[in-house]
Amino acid sequence: MSDVSAYLAANTARYVSELIELLRIPSVSADSRFRPDMQRAAEWVRNQMAAAGLAAEIIPTPGHPVVYGEWTQAPGAPTVMVYGHYDVQPPDPLDLWTTPPFEPTIRDGHVYARGASDDKGQVFTHVKAVEAWMKTAGKLPVNVKFIIEGEEEVGSKNLEDFLERNRERLKCDLAVVSDTSQYAPGIPAITYGLRGILSAEIFLTGPNRDLHSGVFGGSVANPANALAKLIASLHDESGRIQIPGFYDDVVPLTDSERRQFAALPFQESEYLSKLGVAAPWGEAGFSTLERRWARPTCDINGMISGYTGEGPKTIVPSKASAKITCRLVPNQSPDKLTAALEAFLRSQLRPGIEMRFAPHHGAVPLVFPPEGPFMKAARAAIAKGFGAEPVMIREGGSIPVVATFKSVLGVDTLLLGWGQDTDNLHSPNERFSIADFHKGIASSAALWGELATK
């Protein structure tokens with residue numbers, strides 16, 4: 001590792017310059033206008049993999065291509081699958097960026113650009129760590145396989161099929177994903193749990209057209225009023241979700257986990273101040289961190305009905321709709337609870353209102369054992385790279401590919417995030433700390449060595 005560390009130190013400026021090259025490519029997967037840039041980003045990543053010493057190729061899919069690379073010449077050593085994505089979110093609204101999203105700019109110790117933290121900067125750390133080993137030792141202490149896809153930001157539409165078709169080729173002992181965050185600046189973290197998700201949309205229809213509220217109001221059900229009633233029925237006054245059976249399969253937090261969360265440095269007043277709210281709200285009996293990371297939720301993401309322009313328009317609207325997501329915890333089932341959500345909403349529906357229920361995507365929740373040899377290796381590697389012991393946290397969001405790795409390849413995932421939750425992911429002025437970028441590379445390089453001994 002001493003030679004590797006020296007190599008990393010000698011190449012810090014080049015690594016940042018190369019990252020800026022990648023961030024200049026507007027690889028927006030959701031917008032067909034950027035399809036040539038998607039191909040250009042895939043080729044750039046492939047070339048970087050090859051330069052690092054991996055056998056690398058671009059594999060077409062019905063959508064955007066997968067970039068695959070491997071080095072498997074360490075017999076008897078673990079095989080690690082590194083996953084990431086080269087596609088990025090659309091940069092809109094452009095007028096809220098201080099500097100253009102695809103003109104990477106360094107200021108206050110961060111590089112600002114779309115994709116800086118999500119996920120180009122983070123996944124690039126692992127490519128550079130491989131390069132450091134290959135250029136100094138001529139080999140890696142473990143076997144590695146890289147999957148860097150171009151459709152994560154549009155739902156990884158073709159990834160599961162790619163994994164299924166290449167199941168034998170992709171056999172590994174564990175996966176590594178760096179698409180999460182540290183707990184706070186100076187406090188690195190390993191994420192050992194993810195909430196799952198179910199997503200659905202409801203469409204209510206009452207009269208066959210908008211009606212004059214004076215002439216017809218009070219004689220037929222108003223879809224906007226009906227929607228408000230449905231939304232209100234989802235929770236009781238203490239924040240508990242009212243869908244029958246919703247909590248039946250929930251695995252409660254252990255006393256040890258609750259003590260661990262409570263021991264983390266967390267100032268609720270500072271948290272609320274940053275969000276611009278006066279008080280917390282949520283399921284009674286749980287702390288703010290427990291609600292964020294390890295309790296299920298049901299949220300309205302958007303709703304539409306009637307006239308929303310300036311000034312009054314006295315109507316009974318014909319239609320109303322709402323988007324709903326529930327974040328799930330082990331062992332809740334997205335399929336089971338999607339059906340329960342629909343049944344509950346139908347049971348609350350007013351006469352004279354018809355409802356169309358449209359389920360969208362789902363992902364299962366996952367919690368990995370916080371102990372074990374691979375987790376121990378990750379802790380040691382992060383301590384070396386960041387100079388601080390990592391804390392163990394859960395993540396309130398969902399990363400569907402982690403469940404896919406478990407179901408298709410049968411492997412657990414190390415979720416090792418180098419970014420911060422203040423990096424403006426999916427928002428204007430996305431950024432990534434230059435110091436954390438280098439610490440992530442050092443941690444990744446140390447990880448290969450630590451895993452070889454497990």
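Let me know the charge dipole size of region 134-237 about its Cα centre in debye, to the nearest 20, where only the beta-carbon of Lys, Arg (+1) and Asp, Glu (-1) is charged.
On the way: 11 positive and 14 negative charges, 86 e Å.
That gives region 134-237 a dipole magnitude of about 420 debye.
Determine, for each peptide in 70-83, 279-292, the mean count of other beta carbons within 10 angstrom over its residues, then list the peptides with the highest first.
Working: 70-83: 17.5, 279-292: 15.1.
Result, highest mean first: 70-83, 279-292.
Provide, in order from the shortest bin, the percent of all Cα-Cα pairs of region 296-436 in each 10 Å bin, continuing until the bin that contains the maximum pair distance.
8, 25, 27, 20, 12, 6, 1
Given Gly150, His126, Ala137, which one lies farthest toward the positive end of the charge dipole of region 111-167, if we put +1 on the Cβ of every Lys and Arg and -1 on the Cβ of every Asp and Glu?
Ala137
Name the residues whose placed amide hydrogens come within less than 5 Å of the amide hydrogen of Tyr247, ignoring near sequence neighbours (fewer than 5 apart) on the same chain.
It is none; the list stays empty.
So what are the three principal axis dimensions of the chain from its Cα atoms, in whole Å, longest to shortest?
So the extents along the principal axes, rounded to whole Å, are 82, 51, 45.
Show me the ranking of peptides 18-28, 53-63 by mean Cβ neighbours inside 10 Å, starting with the highest. Mind dumping the intermediate values first?
On the way: 18-28: 20.6, 53-63: 15.5.
Sorting 18-28, 53-63 by mean packing, highest first, produces 18-28, 53-63.
Calculate, for Arg35 and Arg165, the FRET efficiency according to 1/(1 + (r/R0)^6) with r their C-beta to C-beta distance and R0 30 Å; round to the nearest 0.05. Walk me through the numbers before you get to the answer.
Values: r = 23 Å, r/R0 = 0.76.
Once rounded, the FRET efficiency stands at 0.85.
At 0.36 nm per residue, and after removing the present C-alpha to C-alpha distance, how many nm does the segment from Thr72 to Thr314 gain when stretched out fully?
Numbers: separation 242, 0.36 × 242 = 87.12 nm, distance 6.95 nm.
The Thr72-Thr314 span can extend by a further 80.2 nm.
Once phi is turned into ³J(HN,Hα) by the Karplus curve 6.51 cos²θ - 1.76 cosθ + 1.60 with θ = phi - 60°, what whole-Hz value does each residue of region 274-280 show in order, with x for glycine and proline?
Whole-Hz 3J(HN,Hα) from phi for region 274-280: 5, 8, x, 10, 8, 7, x.
How large is the dipole of the chain about the Cα centre if only Lys and Arg carry +1 and Asp and Glu carry -1, each at its Cβ, rounded to the nearest 20 debye?
Working: 44 positive and 52 negative charges, 54 e Å.
Dipole of the chain, to the nearest 20 debye: 260 debye.
How much FRET efficiency would the formula 1/(1 + (r/R0)^6) give for Asp3 and Glu389, where r is the Cβ-Cβ distance and R0 is 22 Å, rounded to 0.05? Before the final figure, lay out the partial values.
On the way: r = 25 Å, r/R0 = 1.15.
The value I calculate is 0.30.
With labels modelled as points extended 7 Å from the Cα through the Cβ direction, what inter-label distance (nm, one decimal) is found for Ser238 paired with Trp281?
The modelled label-to-label distance comes out at 1.8 nm.
Convert each backbone phi in region 234-247 into a coupling constant with the Karplus relation 6.51 cos²θ - 1.76 cosθ + 1.60 (shift: θ = phi - 60°), then list the ³J(HN,Hα) values in order as whole Hz, x for Gly and Pro.
Coupling constants for region 234-247: 6, 10, 8, 5, 8, x, 7, 6, 9, 5, x, x, 4, 9 Hz.
What are the residues whose amide H is under 5 Å from the amide H of Ile106, where those residues sit 5 or more places off or on another chain and H is modelled from the backbone?
Under 5 Å from the amide H of Ile106: Tyr112.
According to a simple spin-label model (label point 7 Å from Cα along Cα-to-Cβ), what is the distance in nm between Arg346 and Gln267?
5.1
Just want the answer: with Cβ charges of +1 for Lys and Arg and -1 for Asp and Glu, which residue in Pro65, Thr12, Ala116 is farthest toward the dipole's positive end in region 8-146?
Ranked along the dipole, the leading option is Thr12.
Counting other Cβ atoms within 10 Å, keep those with at most 12, restrict to DSSP loop, and tell me which GluC sites (Glu not before Pro) in region 367-454 are left.
Details: sites: Glu371, Glu395, Glu430, Glu450; in loops: Glu371, Glu430.
Loop-located and lightly packed - Glu371.
Apply the Kirkwood formula to region 16-120: the hydrodynamic radius equals the inverse of the mean of 1/r over all pairs of different alpha-carbon atoms; give it in Å with one decimal.
Numbers: mean 1/r = 0.0663 Å⁻¹.
Mean inverse Cα-Cα distance, inverted, gives 15.1 Å.
How many percent of DSSP beta bridges within the chain run antiparallel, rounded to 5?
Working: 49 of 71 bridges.
Restricted to the chain, the bridges split so that about 70 percent are antiparallel.
Relative to a virtual label point 7 Å from the Cα of Lys157 in the Cα→beta-carbon direction, which members of region 42-85 show backbone nitrogen distances below 13 Å?
Correct set: 61-65.
Once you have all Cα-Cα distances for region 249-315, histogram them in 10 Å bins from zero and send the whole-percent values.
All Cα pairs, binned at 10 Å, distribute as 15, 34, 24, 15, 9, 3 percent.
Out of residues 5 or more away from Val411 or on other chains, whose amide H comes under 5 Å of its own, with H placed 1.01 Å from N in the peptide plane?
Amide H neighbours of Val411, under 5 Å, 5+ apart: Lys406.
Could you sort the peptides 171-181, 247-257, 142-152, 378-388 by per-residue average Cβ neighbour count (10 Å cutoff), highest mean leading?
On the way: 171-181: 22.0, 247-257: 13.3, 142-152: 25.0, 378-388: 20.2.
Peptide ranking by packing, descending: 142-152, 171-181, 378-388, 247-257.
With point charges of +1 on the Cβ of Lys and Arg and -1 on the Cβ of Asp and Glu, referenced to the Cα centre of the chain, which listed residue (Gly397, Pro207, Met375) lies farthest in the positive direction of the dipole?
Pro207
Go through region 58-64 residue by residue and turn each phi into a ³J(HN,Hα) via Karplus (6.51, -1.76, 1.60, θ = phi - 60°); whole Hz please, and just put x for glycine and proline.
9, 10, x, 10, x, x, 8
Just list whichever of Lys145/Lys384; Lys274/Lys323; Lys128/Lys439 have alpha carbons separated by over 21 Å in the model shown. Could the numbers behind the result be given before it?
On the way: Lys145/Lys384 23 Å; Lys274/Lys323 26 Å; Lys128/Lys439 12 Å.
Result: Lys145/Lys384; Lys274/Lys323 exceed 21 Å.
Would you mind computing, in nm to one decimal, how far apart the modelled labels at Asp108 and Ala339 are, each placed 7 Å from Cα along Cα→Cβ?
Distance between label points: 5.0 nm.
Just so you know, all these numbers are worked out from the coordinates, no wet-lab data involved. Since this is a predicted model, take the numbers as computed values, not measurements. Virtual Cβ from ideal backbone geometry, glycine too; neighbours counted across all protein chains shown.
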